[in-house]
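Working notes, structure below.
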Amino acid sequence: MTWVNDHWGDIFTLARSHVWLAGIPLVLGLLIALPLGWAARRWSRLYPVLISASGLLYTIPSLALFVLMPIILGTKVLDPVNVVVAMTVYTVALLVRTVADGLSSVPDHVLQAARAMGYRGFRRFFGVELPLAVPVIAAGLRVAAVSNVSIVSVASLIGVAQLGNLLTDGYDRFITAEIVAGIVACVVLALVFDGLILLGQRLLTPWLRVRGAAGARS
Amino acid sequence: MIRFDGVTKQYPGGTVAVDDLTFTAPTGKITVLVGPSGCGKTTSLRMINRMIEPTKGTISLDGQDTSRMNEADLRRGIGYVIQHAGLFPHRTVLDNVGTVPRLLGWDKKKIAERSRELLSRVGLAPELADRYPSQLSGGQQQRVGVARALAADPPVMLMDEPFSAVDPVVREQLQDAFLELQGELGKTIVFVTHDIDEAIKLGDQVAVLRVGGILAQISDPAYLLAHPVDDFVADFVGKDRGYRSLQFQPTPRLPLASERTVVVGETVDGIGAPWVLVVDDQHRPLGWVEPSRLSGAVAPEDLHRGGTVARASGSLRGALDAALSSPSRRGVIVDDSGELVGTVRAHQVLELIESADRPDEDLADSFAEAGSDGRREDSS
Ligand SMILES: Nc1ncnc2c1ncn2[C@@H]1O[C@H](COP(=O)(O)OP(=O)(O)OP(=O)(O)O)[C@@H](O)[C@H]1O
Ligand SMILES: [Mg+2]
């Protein structure tokens, strides 16, 4: 425990970069997955293609993807952008399906009503379809967040610093407390991401909190 | 006026949902499309606001071909009540009602005002405004659906089985409220249902469709009941159509007998008659009691409430039903304010029916002039 007491500053700095490396891809991934998921819904022939492609992307080992990035992007080997881009790829791979499924979870009679009222294009997407898909998308986002937090730690092997460093360093130098601290910090971080997404979902879906309050549905 | 001219819809895959449909829905009237499941009612309705495009034929709105109009503009000008209300679950009642005004870009204050006005119009309490649809009963949701369709005051309303998802009692209330509202608003309405009773009750004009989207008959409801054009229509309008057609015959003066009454709270001791009618202090009938089984003051729980009450200005069907359902066999008749005017017996109503004419060709022709030439397009 004395190790932890002596290294609060280091843990905090590593945790902060961990947050960025896992969090930015989450946001970027969602922004990219939204139009892709929409397209998968819109053109039904695209759906299986996009789903298989994203499934395939997810099977590439993270270390391989990290190593490939500088070659593909022409970035420096130690550049954190490599990690951000690779993590974004993973997030998109996870979320395309989620977004498509979320959009198809919107009841057909609601979509028909929207059409009948004269809703079109963007307005229909942002006004009706997306808000109703939030619960499903948020569930997928929570899985992606936890998975990102855990995958990012592998980046220590290509020299990009974050909480994973505590694991590799602790292993190399036989400091158990450091390893434990790394694990605990990762878990705490994952819980924080999860809690924030849950909170966001609750704020975005006030109508779900009242369900059953009156229980008058017939 | 909505006019279908040789409209056919064939879905990809080959199903012909609507086949060469021609009819007119007159301005300010309710035209009901009725028929068995899958006969193309929803398809016909959705072709009017172009949610579905016809394969052949034209649909015009006040003489203008709808296929030349801008889709979204057309839809925003036509109220649509979707089956099972189809409310937006993520919007409050008030926001649901304000949907089309918002799309039309009205200012916020005007939208809120208009939405509140509509809620009271359709008989919803103002405190429901901030609820979400999941917090409403089925009947309340249907009312919100109607309010939402009315929001931008469209001259045309399309209603797809708007009252089918609620129990019979609520359905009747909704139908009555709807007729009252239409009496004030006079919209051009195309109403879809699979329930012939609802069609007869609500329609100024009823179009019966058969599977394959073929128009079997179109006429006013009284004529439809009296003169079904073929076995299909006869079967569809039902076995008790003779009884139901009574509702279209205006009541001649009923031979009313005056009825001995007691006011609730009074005693029936010493009254020899087997049944006595109990009224409230404003002479409105409450129910029947059997004096021989009671002693002392009449309490509300002593009342037999089985009998229906008919209005003197109502239909012969109501009067006959009042007589048939009354435990004393005397049908209770009231005036328009609900005050007792007398009682009538079933045989007396039947005598009136015997002496009255059946609804005849004249009636149907007068309607056809006002509405459409549909009857001549009857198939088979
Ligand atoms: N999108 C579609 N593609 C193919 N066939 C369809 C489609 N929509 C409806 N149909 C078919 O067209 C016919 C008419 O359907 P429609 O929904 O208009 O019937 P309906 O009279 O409204 O029936 P219900 O009373 O059950 O609502 C049916 O045979 C139906 O299967
Ligand atoms: Mg239908």
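Helix by helix, which DSSP H runs in chain A go 15 Å or more along their axis at the Cα atoms and have an average Kyte-Doolittle hydropathy of 0.5 or more? The qualifying helices are A:8-42, A:46-59, A:62-73, A:80-104, A:130-152, A:176-204. Taking 37 °C and 0.692 mPa s as conditions, region A:87-131 diffuses translationally at an estimated 283 µm²/s according to Stokes-Einstein applied to its Kirkwood radius (Cα pairs). Taking the Cα centre of the protein assembly as shown as reference, the dipole from Cβ charges on Lys and Arg (+1) and Asp and Glu (-1) amounts to some 2120 debye. For the Cα trace of chain A, dividing Rg by the Kirkwood Rh returns an Rg/Rh value of 1.07. Considering helices alone, the calculated mean residue ellipticity of chain B at 222 nm is -9000 deg cm²/dmol, with DSSP H runs of length four and up weighted by -39500 (n - 2.57) and normalised per residue. Computed with a 1.4 Å probe over protein heavy atoms only, the accessible surface of region B:195-301 comes to 46 Å² per residue.
Plainly put, chain B has a radius of gyration that is 1.04 times its Kirkwood radius, both from alpha-carbon atoms, as the Rg/Rh ratio. For chain B, the carbon plus sulfur part of the accessible surface works out to 48%, probe radius 1.4 Å. Note: relative contact order over region B:1-146, using C-alpha pairs below 8 Å and six or more positions apart, is 20 percent. Summing Cβ point charges (Lys, Arg +1; Asp, Glu -1) relative to the Cα centre of region A:65-179 gives a dipole of roughly 540 debye. Relative contact order for chain B: 17 percent, from Cα pairs under 8 Å spaced at least 6 residues apart, divided by residue count. Any residues in region B:84-106 that have 50 Å² or more less accessible area with all protein chains than in their chain alone, probe 1.4 Å, and which are they? By number: B:F88, B:P89, B:H90, B:L103. Of the residues B:W275, A:W8, A:W38, B:W106, the one with the largest accessible area comes first in the ranking A:W8, A:W38, B:W106, B:W275, computed with a 1.4 Å probe on protein heavy atoms. Against the longest principal axis of chain B, how steep is helix B:316-325, in degrees 0 to 90 to the nearest 10, with axes from Cα atoms? Once rounded, one gets 50 degrees. Against the empirical 2.2 N^0.38 Å (N residues), region B:50-128 has a Cα radius of gyration ratio of 1.34.
Volume of the convex hull of the protein assembly as shown (Cα atoms only), normalised per residue: 227 Å³.
State log₁₀ I(q)/I(0) for region A:1-95 at q = 0.10 Å⁻¹ as given by the Debye formula over alpha-carbon point scatterers of equal weight, solvent excluded. Listed by q, the Debye log ratios stand at -0.37.
Rounded to the nearest 10 degrees, the inclination of helix B:138-150 to the longest alpha-carbon principal axis of chain B is 50 degrees.
Seen from every direction in turn and averaged, the convex hull around the alpha carbons of region A:91-205 projects onto 8.6 nm². Beyond 18 Å, how much of the Cα-Cα pair distribution for region B:105-259 remains, as a whole percent? That tail contains 66 percent of the Cα-Cα pairs.
Within straight-line reach of B:K239, meaning a Cα separation under 13 Å, sit the following aspartates and glutamates at least 8 residues removed in sequence or on another chain: B:D197, B:D231. For the chain pair B and A, buried accessible area totals roughly 2500 Å², probe 1.4 Å, rounded to the nearest 100. Taking trypsin sites (Lys or Arg not before Pro) as exposed when DSSP calls them loop and at most 15 other C-beta atoms lie within 10 angstrom, chain A has its longest site-free stretch at A:121-172. Seen against the Cα atoms of chain B and their longest principal axis, helix B:346-355 is set at about 50 degrees.
Interface residues of region B:22-59, defined as a loss of at least 10 Å² in heavy-atom accessible area between the chain alone and the complex of all protein chains with a 1.4 Å probe, are B:R46, B:M51. Take every DSSP beta bridge whose two residues both sit in the protein assembly as shown; close to 55 percent of them are antiparallel.
The values are calculated or read from the model by the stated rules, or taken from the named source; none is laboratory data. Predicted model, so just to flag it, every value in this text is computed and none were measured. Note: ideal-geometry Cβ built from the backbone for every residue, glycine included; neighbour counts use all protein chains shown. Quick note on the areas: whole protein, heavy atoms, side chains included, nothing else; ligands and nucleic acids left out. Shrake-Rupley method; radii C 1.70, N 1.55, O 1.52, S 1.80 Å.
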